[in-house]
Every structure is written in C-alpha cells, then in structure tokens.
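The values are calculated or read from the model by the stated rules, or taken from the named source; none is laboratory data. Everything numeric in this text was worked out from a predicted model, so none of it was measured. We place every Cβ from the backbone using ideal geometry, glycine too, and count neighbours over all the protein chains shown.
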Amino acid sequence: MTISSDTVRPPHGLRRLRAATPPLSLAPMMDRTDRHFRVLVRQITRHTLLYTEMVHSGAVLHGDRERLLGFDPVERPLALQLGGDDPAALAECARIAEDRGFDEVNLNVGCPSDRVQQGSFGVCLMGRPERVAEAVGAMRREVTIPVTVKHRIGFDDLDSYQDMLRFVDVVAEAGCDRFTVHARKAWLRGLNPKENREVPPLRYDDVYRLKRERPGLEVEINGGIGTLEEVRHHLGHVDGVMVGRAAYDDPYFLAPADREIFGHGAAPVPSRREVVEALVPYVASRLAAGEPLPRVLRHLLGLVFCRPGARAWRRLLTEGARRPGAGAELLLEAAARVPDDVLDERPERPVTA
C-alpha cells in the first residue's frame, strides 16, 4: 500500500446524495484514533470507515489545522468528528473538512465528559434536538459529503426510547445522513467517561427498534462490540456497526473484515509481518517530519495482542523508542522478538453450515 502526503480536495457544487452506510466503522476515540493509529488500521483493513478524535469547532477555526486535521490519504475513507453547538461555526468547520479531503463530517452528541458538559455540547445536546437539527442543516447546506450524528440512547432521566425517537425524528428532518447510536445511556453526574462506557446497560433492542420503526433512516449501532461474529449479528438488524476499544486493544481482529464484512472475497488478509513492513516507511516519514518516535509508535502495541511474543514486542517498542538515535528500524527489531508463526499467521475463513 502506497503512502503519500498529497491532500485530495473534492470540488464543491456537486449534487448532494445520501451515502450508504458502510457496514463497519472504527469509533472516534480521544487519545486513541490519531493519524498514527489510523495508518496502522489501514494496513489491516482497507474499507472500514475510520474517524478522527473529536475536535472542537473552535479549535478547527482558530488552532493549528495541520496538527489537528492533518492526515495521509491512505487513511481514507475517513470522517472528521466535530464537537460544538454553534451551527455557523460547525458549518464552517464542515466546509474546511471537505476542502481538506475528509469523506464525512460527524457531530458528537454522545460524549459525557465534564469538559463537554461545561461547553454545553456532546451528550447534553440530546436535550436540545432542535439545536442539533439546526447544526446538521447548516452543515449540509455547506458541503456535499455526508453529515452524520453520533449519539447515545439518552442521558440522565431523558433516557426512554420515546425520548431518543423524538431526538432522532427532529434531527432527521434536517437531513442527517446517518445516526450512530451508542446503545447505552449516559449519567452526567456520578459516572466518569470510562464508567459511562461500561456501567449503564447496553440496550441493543432499542437501536434495532429504531431501525424497524424508521426504516428510511440509516442507523448504525455502537457499544460493547468486540468480534466480527458480533458485527455480523448486528448487521442483521441495522445498517452498520461501529467498533471501539476492542479494536484499539487488538486491531488485528479486523484483518478479515474486508473479506467477511465488506464482501471482498478475494481481498488478501495481511499478516502481522506485512503490516509491520508496510509501516516502516510511514514511521520514517513521520520522524523526518519531526515527530517523536514514542508518539508515533505508542498505538502499535496492540498489534500483537495475547499472542506469544506480545510482551517482548511491547517492551521493545516502549523502551527502545527512547533510545538515542532510534528510528523506524525499531519496528523490525521488535518484530524479530515475535515468533514467526505469529507474524505470518492469517485468520482462517469462517466455517459455514
């Protein structure tokens, strides 16, 4: 896979069409889904939709855009997730995203962190569906790429199925291209963000019901999904499935996704060795651009997850990255500590009845 540094800028003014939901996407995760992790994942699956970390609209408009929004075209298809509640600012950010080559812009209506609450965005916006609709409408008028919303089942006492349905119906009127539903509610007081990902019970049936009752909407499910078998099950009920931290901890479980989820039967399934070898020139290019080696390598630790050699792989990448003069060849040195059968194994095709 060739990695270049060019930015693709699609033309404006094209007739806007609703895009089909990809069957599999990788969730936006703060301090996780930066450009280095996304390039790793792209060596494993070519078709899974990837997301940036959430970026606040104010940061996009006034911050270092190359640092916040820079990506390599190899990462596409790629969506930018925005945070904020100002429709005009979000619309301008959406235009910037399209100009920089992003394939989708997504509004965060699910994050429950204290910082998000203080800014009156994230999951708080589920209590202001008209505001979300205004923002979605403003973004849609500005761009031709899909405008989507990621939200929760609900939050605090605004957590019934009917509450969620009203939110979706209001926002759908503005032309939201897809609703990605984290199938848990959020508690704004009493639980921290980590606990909000784990403690509230999963309510998959509510998401299935949303798709049944609103079949014309594109609905994607998120929350607690960690295997391709689970992905296939959920796809029997909704249009798409978003996986999160399970894929961060063990990104290689996505290796058969192009073949098994996207239906590319002849798609090659890369081995871990091939993934590592493809990453060496990327790491070298980022070092040449002045990025510290530990920052570039820190998201690669899970490539060898719960397999022989995993501890040696993690240790050498972590400790070796701090050695004076260490470079991209450290990846090959770490891979040499992993048994050949682990480096060269490829997931088998699932057995069908």
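Worth pointing out:
- Selection over the stretch 130-143 of residues that are surrounded by 21 or more Cβ atoms within 10 Å (Cβ to Cβ) and either within 12 Å of LEU158 (Cα to Cα) or among the basic types (Lys, Arg) (or both) gives a count of 0.
- Contact map, the stretch 315-344: residues that are in contact (Cβ under 8 Å) with a residue 40 or more places away in the chain paired with residues that are surrounded by 13 or more Cβ atoms within 10 Å (Cβ to Cβ) and of a type in the set (S, T, N, Q), Cβ distance under 7 Å, separation 6+ or inter-chain. Pairs shown: LEU343/SER271; ASP344/SER271.
Per-residue answers, yes or no, for (1) assigned by TED's automatic domain parsing to the domain that holds TYR208; (2) of a type in the set (Phe, Trp, Tyr); (3) at pLDDT 95 or above; (4) surrounded by fewer than 17 Cβ atoms within 10 Å (Cβ to Cβ):
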| residue | (1), (2), (3), (4) |
| --- | --- |
| ASP249 | yes, no, yes, yes |
| VAL276 | no, no, yes, no |
| LEU279 | no, no, yes, no |
| TYR282 | no, yes, yes, no |
| LEU287 | no, no, yes, yes |
| VAL296 | no, no, yes, no |
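To keep it simple, each residue is scored yes or no on (1) over 22 Å from the mean Cα position of the chain (by Cα); (2) surrounded by fewer than 16 Cβ atoms within 10 Å (Cβ to Cβ); (3) closer than 30 Å to GLU345 by Cβ.
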residue: HIS151; (1), (2), (3): no, no, no
residue: MET164; (1), (2), (3): yes, no, no
residue: GLY190; (1), (2), (3): yes, yes, no
residue: ASN196; (1), (2), (3): no, no, no
residue: PRO215; (1), (2), (3): yes, yes, no
residue: ALA257; (1), (2), (3): no, no, yes
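- Here is the figure for the stretch 51-64: residues that are in contact with a helix residue (DSSP H, G or I) (Cβ under 8 Å, 6 or more places away or on another chain), surrounded by fewer than 23 Cβ atoms within 10 Å (Cβ to Cβ) and under 20 Å from ASN222 (Cβ atoms) total 1.
- Screening the stretch 149-246 for helices (runs of 4 or more DSSP H) wholly inside it with 1 or more residues that are modelled with pLDDT of 95 or more, touching a Pro at 6+ places or on another chain (Cβ under 7 Å) and not assigned by TED's automatic domain parsing to the domain that holds GLY302 returns the ranges 161-172, 228-234.
- When the test is whether a residue is in contact (Cβ under 8 Å) with a residue 60 or more places away in the chain and either crowded, with 18+ Cβ neighbours inside 10 Å or among the charged types (D, E, K, R) (or both), LEU69 does not pass it.
- Some residue of the stretch 296-304 being within 23 Å of the chain's Cα centre (by Cα), within 20 Å of MET29 (Cβ to Cβ) and of a type in the set (Gly, Ala, Ser): yes
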